[in-house]
Amino acid sequence: MFTGITQAVGRIAAIFEGEASRRVAIDFPDGFCAGLAQGCSVSIDGACLTVAAPPRGERAEFDLILPTLVTSTLAACRVGDAVNAERALRDGAEIGGHALSGHVDYQAVVEQRKECGDNLCLRLSVPTGALRYLFAKGYAALDGVSLTIADIDKQAGWIEVWLIPETRRATSLGVKQPGCRLNLEIERDTQVLVDTMREALEDKLAALMPLLAPRLDELAPALLPAARRQPALAAR
């Protein structure tokens, strides 16, 4: 579990390609790897990864398996790229953002950057499947950073988030340009609520269909002539 508060920005130091997998070595700032051991979990740009070997100094290695490569932006990472990093949450630690699993759901694409003094607004296009879980003033995580959705247009398929100076300083989001892809994790409580309601409604409608079907059959003959008249009415 993570909180969406980036603790360090690391740099991709090396990439080792495998068969349907890759291993990445990441250099972190001083102190980040203190107490980090093989098998520990670290969020890298929002993807929960496992330390694959004992860290050497401030360098740690992580394996990227096929599902991670398919779902996240890490398949396209290159040596020298900056990545947001967060250690797994410890018992009793402050949760400054919101609870994250480190499971990337979608990828969002930066469409616009709008500077406003020291603050930055990013507009991002998001896949249709994500929109049902996103709401103004709700949470979303982008590249592992917990953010509040400032605005959303579900018809146009975009969200806007604002970055304060501290977020720009402490994460890699401030340098993202139009066309950049970011890992998106939806807020789990919202997902559970939305999916539960949808499934309940679908079950209810399924139970009602035997009762509704005969009535719909009765109404269909009356509705069809009206529907056929619509083009003629529109042309007048």
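Every number here is computed from the coordinates shown, using simple stated rules; none is lab data. Keep in mind it's a predicted model, so treat the numbers as computed, not measured. All Cβ positions, glycine included, derive from the backbone under ideal geometry; neighbour counts span all protein chains shown.
I want to verify the translational diffusion coefficient of segment 106-191 in µm²/s; compute it with Stokes-Einstein, Rh as the Kirkwood radius over Cα pairs, at 25 °C and 0.890 mPa s.
193
Segment Glu94..Asp151, full-extension length gain: 17.8 nm, with 0.36 nm per residue of separation and the alpha-carbon distance subtracted.
Under Stokes-Einstein, with the Kirkwood radius over Cα pairs as Rh, the value for segment 8-87 at 20 °C and 1.002 mPa s is 174 µm²/s. Taken one residue at a time, the phi angles of segment 197-208 give Karplus couplings (6.51, -1.76, 1.60, θ = phi - 60°) of 5, 5, 5, 5, 5, 5, 5, 5, 5, 4, 5, 7 Hz. Gly and Pro are set to x.
Based on the Cβ-Cβ distance of Leu205 and Val109, what FRET efficiency does E = 1/(1 + (r/R0)^6) give at R0 = 35 Å, to the nearest 0.05?
Computed FRET efficiency for Leu205 and Val109: 0.50.
What the Cβ-Cβ distance of Ala20 and Leu193 gives, at R0 = 35 Å and to the nearest 0.05, is a FRET efficiency of 0.50.
Reducing segment 58-131 and segment 134-198 to their Cα centroids gives an inter-centroid distance of 10 Å. The peptide list 91-103, 2-14, put in order of mean Cβ contacts within 10 Å with the highest first, becomes 2-14, 91-103. Across segment 43-58, rounded Karplus estimates of 3J(HN,Hα) from the backbone phi angles (6.51 cos²θ - 1.76 cosθ + 1.60, θ = phi - 60°) give 7, 10, 6, x, 9, 6, 10, 9, 5, 8, 8, x, x, 10, x, 9 Hz, Gly and Pro being marked x. Note on Ala13 and Phe135: their simple-model spin labels are 4.4 nm apart, each label 7 Å out from Cα toward Cβ. Annotation: Cα Rg of the chain relative to the compact-globule expectation 2.2 N^0.38 Å equals 1.32. The calculated 222 nm mean residue ellipticity attributable to helices in the chain amounts to -9000 deg cm²/dmol, summing -39500 (n - 2.57) over DSSP H runs of n ≥ 4 and dividing by all residues. Loop-located trypsin sites (Lys or Arg not before Pro) across segment 151-189 with a Cβ neighbour count of 15 or fewer within 10 Å are Lys154, with loop assigned by DSSP. Residues whose amide H falls under 5 Å from that of Leu163, counting only those 5 or more places apart or on a different chain, are Leu120, Cys121, Leu122, with hydrogens built in the peptide plane.
In a reduced charge model with +1 at each Lys and Arg Cβ and -1 at each Asp and Glu Cβ, the chain shows a dipole moment near 760 debye about its Cα centre.
Quick one: compute the contact order of segment 106-191, relative version, from alpha carbon pairs under 8 angstrom and 6+ residues apart, as a percent. Don't jump to the answer; show the numbers that get you there.
Working: 173 pairs, mean separation 32.5, N = 86.
Answer for segment 106-191 is 38 percent.
Protection proxy ranking for 137-144, 67-74, using the average of other Cβ atoms within 10 Å per residue and placing the highest first: 137-144, 67-74.
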